[in-house]
Amino acid sequence: MKLRYKISGGILIFVAASLSLLALVVSHDSACGPAPALPANEEPMKAIVYRCYGPPEVLQFEDVAKPKPADDEVLVRVRAAAVNPLDWHYMRGSPYIMRLGSGLGAPDDSRIGVDFAGTVEAVGINVKQFKPGDNVFGGGSGAFAEYLTVREDRALALKPANVTFEQAASVPIAAITALQALRDKGKVQPGHKVLINGASGGVGTFAVQIAKSLGAEVTGVCSTRNVGMVRSIGADHVIDYTREDYTRSGEKYDVIIDNVGNHSLLANRRVLDPDGILVIVGGSKGNWLGPLLRPIGALILSPFVSQEFVMILAKFSKEDLALLGDLMQSGEVVPVIDRHYPLSEVPAAIRYSEEGRARGKIIIDLE
Ligand SMILES: NC(=O)c1ccc[n+]([C@@H]2O[C@H](COP(=O)([O-])OP(=O)(O)OC[C@H]3O[C@@H](n4cnc5c(N)ncnc54)[C@H](OP(=O)(O)O)[C@@H]3O)[C@@H](O)[C@H]2O)c1
């Protein structure tokens with residue numbers, strides 16, 4: 001008996017010590033290293049880079065080596081890029097758990113920025129679908145730069161001619177998230193009543209328009225200053241969250257897309273149809289377990305209620321990019337653009353994104 005207590009006590013101490021060590025390792029911030037010298041034989045380009053985690057001040061505007069496309073890659077001259085909350089998560093290495101992938105102590109990859117639109121400048125010898133001169137948009141590593149390389153089979157699509165570079169750049173992360181949340185997780189059908197919490201941000205402005213294109217009756221939740229904008233992009237009803245709590249509205253929705261996470265799962269359940277689906281897109285903040293609390297709560301609650309609580313981790317898809325290109329070409333989806341910044345001012349653009357008050361998308365101009 002005593003031996004069993006000793007063994008289980010030993011295991012507990014071992015687990016606690018391992019978790020503490022892991023916590024120390026993932027939360028450690030290394031000092032920012034100096035900029036490496038640019039090799040004499042490399043062609044330079046301007047880019048935003050970071051060599052340590054932290055606030056926007058860690059972002060540097062530097063000359064770095066212009067990338068060269070591998071055999072299956074496309075070299076794109078970036079004409080516009082867009083900012084997403086994902087960029088400042090990478091910049092801060094937060095939540096810490098993501099550092100297991102992005103680098104312990106400091107980022108493994110100094111490039112930053114994902115969403116871009118631009119013109120193909122060169123292609124690797126195995127590339128079949130794109131040629132120099134094609135105008136494209138997509139997601140890659142290091143979009144806050146004059147050039148980036150992307151694998152042909154990854155998130156890359158032709159930009160429709162009637163869509164501007166800034167509009168196309170605003171799409172990849174935010175619109176793919178909105179599309180997959182509504183279509184794949186929410187299973188939205190024509191006539192469904194859909195509520196978008198956080199209808200005025202990057203994901204929300206696309207979600208309102210995509211839900212309309214799927215034939216839904218859409219309610220957008222936003223603050224007073226954004227009521228007119230959310231109505232103008234097609235919302236049938238708008239709830240001003242400074243005056244009304246949607247979870248106490250007495251309405252019932254088939255699908256709720258939650259970009260904010262400011263109401264409990266049970267409060268959301270009050271306004272969900274018995275067969276309704278809550279899609280958790282964003283919300284809970286924090287360096288440690290905060291971001292996981294809602295998804296864990298959803299997993300625990302789901303077996304005991306008739307409604308579904310699901311979390312989405314959007315995935316890049318060539319097909320979805322092309323579909324969103326078609327929706328923009330037909331005018332069913334028109335990106336909402338908030339502010340523009342030049343490449344050198346990416347730190348200010350990310351600082352603005354971190355405030356959480358963007359109205360649609362924040363664009364980095366490289367023209
Ligand atoms: N799961 C995924 O795969 C995935 C993918 C992309 C993004 N995300 C996450 O989804 C969230 C939204 O992303 P985003 O790009 O849309 O962010 P965003 O553009 O920064 O969202 C800003 C918007 O949120 C609104 N907002 C703030 N508080 C609100 C509240 N209490 N009620 C309603 N609206 C509120 C703001 O409007 P006001 O200023 O008027 O309040 C602002 O328009 C983020 O947490 C992001 O990390 C997740």
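Some observations on this one:
- Legend: P(r) of the stretch 102-190 from all alpha carbon pair distances, 5 Å bins from 0, whole percents, reading 3, 12, 20, 20, 17, 14, 9, 4, 1, 0.
- Applying the criteria of a DSSP loop state and at most 15 other Cβ atoms within 10 Å to the chymotrypsin sites (Phe, Trp or Tyr not before Pro) of the stretch 215-311 yields 288.
- Mean ellipticity per residue at 222 nm, deg cm²/dmol - from DSSP H runs of n ≥ 4 across the chain, formula -39500 (n - 2.57): -8500 deg cm²/dmol
- Pairwise Cα distances in the stretch 1-98 exceed 23 Å for 54 percent of all pairs.
- Separation of the stretch 311-367 from the stretch 276-299 is 23 Å, based on Cα centroids.
- Database note for the chain: Cys without another Cys beta carbon under 4.7 angstrom, 222.
- Karplus-derived 3J(HN,Hα), 6.51/-1.76/1.60, for each residue of the stretch 129-140, Hz, glycine and proline x: 8, 10, 9, x, x, 5, 8, 9, 8, x, x, x
- Under the membrane-span-like helix rule (DSSP H runs whose alpha carbons stretch at least 18 Å along the helix axis, mean Kyte-Doolittle hydropathy 1.0 or higher), the chain yields 2-27.
- Footprinting exposure proxy for 258, 184, 109 (fewest neighbouring C-beta atoms within 10 Å first): 109, 184, 258
- Taking 362, 125 and counting other C-beta atoms within 10 Å, the order from fewest to most: 125, 362
- Here's how it looks for residue 239: its modeled amide H is under 5 Å from those of 220, 221, 222, which are all 5 or more places away or on a different chain.
- Evaluated with a Cβ-only charge set (Lys, Arg +1; Asp, Glu -1), the chain carries a dipole of roughly 1220 debye about its Cα centre, given to the nearest 20.
- With the largest listed first and rounded to whole Å, the semi-axes of the equivalent ellipsoid of the stretch 47-97 from the Cα gyration tensor are 24, 14, 12.
- Built amide H within the under 5 Å cut-off of residue 112, gap 5+: 142, 143, 144
- D by Stokes-Einstein for the chain, Kirkwood Rh over Cα pairs, 25 °C, 0.890 mPa s: 112 µm²/s.
- Charged neighbours of residue 107, selected by a Cβ distance under 13 Å, balance to 0 (K, R count +1; D, E count -1).
- The H on the amide N of residue 217, modeled in the peptide plane, is under 5 Å from the matching H of 191, 192, 193, 194, each at least 5 residues off or on a different chain.
- For the Cα trace of the stretch 271-367, dividing Rg by the Kirkwood Rh returns an Rg/Rh value of 1.07.
- Within the stretch 78-171, the trypsin sites (Lys or Arg not before Pro) that combine a DSSP coil assignment with at most 14 other C-beta atoms in a 10 angstrom radius are 128.
Here, each number is a calculation from the coordinates, and none is a lab measurement. A quick note: this is a predicted structure, and the numbers were derived from the prediction, not measured. Glycine gets a Cβ as well: all are built from the backbone with ideal geometry, and neighbour counts include every protein chain shown.
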